[in-house]
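Structure first, then comments.
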Amino acid sequence: MMIHSLNVCNHTHATHKCSGGPTHSHASPPPESTANPSDNVALGVMDMRSEKKVAFNTAQAAMWSVDAAVQAASHGTFGVGGVLLGPHKELLAVSCNRVIADGKVADPTAHGERQIVDWYFEQAAQGQQLPAPEDCTIVSSLDPCMMCAGSILTGGFNVVSTTLDTRAGVNWTTDGQYPTVPDELRDQAKEHFAYFGIEGGRDYQGPAMVGERQVIAGDVEKRSLDTFLASLGQVQNAIHSGPSGPVQDLKECQDPKVLAALKKYYPEALTLRFPEGQPGSALAQPLLEAAQAARERGGAYNAAALLDPHGNVVMLSSGREERSPIRTAFMELTRSWAKVRSEAGPEGEKFLAPLKDCTLVTLFGPGSDGPSVMELGAYGSSVEGPLPPHQHAAWQYVIPRQSQADLDQEIKSLPPLYSEVIRPQIQQVSDPALVHLCSHNEH
C-alpha cells in the first residue's frame, strides 16, 4: 500500500489531532492506572498503529520523515522528523521535533528520534505489544545528533537517515566510522546506523539489513536539508530570546507565579545555597536520597542537581529508567528546568537563568555507554551555543565513571558543534567532603 504524504504533529495527550487530517486515537489506550499524561516526554510522537499503514519500501518512509520535518518547522521548531517502522515496514509512529512550542522552549531534549525511543519504551511499560527494538527501524530526516544517537544505541534500534549533518551529526565525518562514539559502541553503530543513497550523488552507506541499500531522489534530500536549515535561525532566536545580563537572586523573588513554578517541580528549591559553582557536602544527602528513591522504583542509582548563578539549589532530579532506559536523572532535570522557565511567565526571565549559566551536578560522571553519549549530546542541545566563560566547570560530577583524561578525550571526539563551539566543561567537584560522603554511601 503506497502512501505519499502524512499530515502530523499537533497533539493533545489522549488523542492526536493532525494538522489537515483526521483525529487519530491510540491503537489501544493504556490502563487508567498507568497512563500519566503530565509525565509524557514524547508529546511530539503520534501513535499510528491503528492506521495500519505499510511502507512500500524504506525509501518511501524517507518521504514520510521529511513530511514530519516540514510539519515541525511550520510550528516554529527545528525542521526534523522521523518515523518508526516495524519489521514488515508497518508504520508504528511518527515524530516531530518539539523543542519549541508556542514560541518558547518546551523541551530542549524533544528531538524526533529521542522521542521515538521514549515513546516505544513507555508503550512497553504500559503493557503494549511491540516488535523488539532490533526489529524496528527509525527513519529520520536528518543524521541523529549525539543525544539521539546515544538514545538509539541504548534502545537497540536501527536507524536510516535521509540527510547528513556535518556539524552535529553522529556521522559528521560522512565515512561511517563513527569516531564520535566511544570504542565500546563503535561496532554497534556500524551495525545499526545507515544512510540512504542519493540519485546522482552519494552511495548508500551502512548495513544492507537496515535500509536495503536503497536510493532516494535528490529532491527528497534537498527538501529535508532546506527545511532544517530554514528553521535554524528562527529556533535559535527563540532559544536565546529574553533579557541579557545576569539574573536576579531568586531569594529576593516575590512573584507568586515564579515561585509556584519552581516549587511545583522541586518543592525543596532554595533550601540549600553554596558559593557560585562550588557545591558542598550538604548536597550529599539530597543526591543520595534521590538516587536511592530511583533505585527503589527500578531505575538507575543516580541523581542530578542544578545550582543557579547565585549558588541556589533550584532543581534536583533522579531518573525514571523504569519507564524508559533513557529517562536518566540528567534528562529529567533538563526537562523540568525548561518547564519551570516556561511556566514562570515573563517575570521568571529576571530570576531563572538558562541552563548554560547554571552549574549542573551529577552524582556520577559520564561514562562510555549509550546513556552517557546521549547526555553529552543533550547538554549541547540544551545550551545551543558557546558556553559563557565560567570560573568553574559548568557540569560537575561527584563520583567518576572514567578518568578525567578519558572524559576529556571523549568530549574532543564529539562533532564540531560540541567539541569546537559549545566545548562542554565537565570536571569532578572540588569539595573532598562531598566526594567522601557520596562515595562512602554509594551502595
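What pairs in Lys190/Lys222; Lys104/Lys263; Lys251/Lys412 have C-alpha atoms more than 32 Å from each other? Intermediate results must be reported in sequence, preceding the final value.
Values: Lys190/Lys222 25 Å; Lys104/Lys263 20 Å; Lys251/Lys412 38 Å.
Table pairs above 32 Å Cα-Cα are Lys251/Lys412.
State in Å² the accessible area per residue of the stretch 174-244; use a 1.4 Å probe, count heavy atoms of protein chains only, and round to the nearest integer.
Values: 3780 Å² over 71 residues.
Value returned for the stretch 174-244: 53 Å² of accessible area per residue.
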(request) Could you check the simple spin-label distance between Lys412 and Lys350, using points 7 Å along Cα→Cβ, in nm with one decimal? (result) 4.6
(request) Would you list, by chain and number, the lysines whose Cα falls below 22 Å from the Cα of Lys53, excluding same-chain residues fewer than 8 positions away? (result) Lys17, Lys89
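How large is the dipole of the chain about the Cα centre if only Lys and Arg carry +1 and Asp and Glu carry -1, each at its Cβ, rounded to the nearest 20 debye?
Rounded to the nearest 20 debye, it is 700 debye.
Of the peptides 378-391, 267-280, 311-324, how do they stack up when ordered by the mean number of other Cβ atoms within 10 Å, highest first? Provide the component values of the computation, followed by the final result.
On the way: 378-391: 18.0, 267-280: 16.3, 311-324: 23.3.
Taking the mean over residues of other Cβ atoms within 10 Å, the ranking is 311-324, 378-391, 267-280.
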(message) Under 37 °C and 0.692 mPa s, how fast does the chain diffuse according to Stokes-Einstein, given a Kirkwood radius computed over C-alpha pairs? Answer in µm²/s, whole number.
(response) 149
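Can you give me the % of accessible surface on the chain that is carbon or sulfur? Probe 1.4 Å, all protein chains present, nothing else counted.
50
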(request) May I ask for the angle, rounded to the nearest 10°, between helix 146-155 and the longest principal axis of the chain, with both axes built from Cα atoms and the value confined to 0 to 90°? (result) 80
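Of all DSSP beta bridges located in the chain, what percent are antiparallel, nearest 5? Mind showing how you got there, number by number?
On the way: 31 of 47 bridges.
Bridges in the chain are about 65 percent antiparallel.
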(request) Using a 1.4 Å probe and counting only protein heavy atoms, arrange Lys89, Lys104, Lys190, Lys222 so the residue with the most accessible area comes first. (result) Lys222, Lys104, Lys190, Lys89
(request) Quick one: net charge around Ala106, please, counting Lys, Arg +1 and Asp, Glu -1 for every other residue with C-beta under 12 Å from its C-beta. (result) +2
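Using a cut-off of 13 Å between beta-carbons, work out the net charge of the residues near Ala68 (Lys and Arg +1, Asp and Glu -1, Ala68 not included).
On the way: positive: Arg98, Arg223; negative: Asp67, Glu113.
Within the 13 Å Cβ shell, the charges total 0.
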(message) Taking θ = phi - 60°, what integer Hz values does the Karplus form 6.51 cos²θ - 1.76 cosθ + 1.60 yield along the stretch 259-274, in sequence order, with x for Gly and Pro?
(response) 5, 5, 5, 5, 6, 4, 9, 8, x, 8, 4, 6, 7, 10, 8, 10
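So what is the relative contact order for the chain, in percent, with contacts set as C-alpha pairs under 8 Å and at least six apart? Spell out each step's value before the answer.
Values: 990 pairs, mean separation 61.1, N = 443.
This gives 14 percent for the chain.
The values are calculated or read from the model by the stated rules, or taken from the named source; none is laboratory data. Just so it is clear, the structure is predicted and the values come from calculations on it, not from any experiment. Reconstructed Cβ throughout: ideal geometry from the backbone, glycine too, with neighbour counts over all protein chains shown. Ligands, DNA and RNA are stripped out before the accessible areas are found, and what is left, the full protein with its side chains, is counted by its heavy atoms. Shrake-Rupley method; radii C 1.70, N 1.55, O 1.52, S 1.80 Å.
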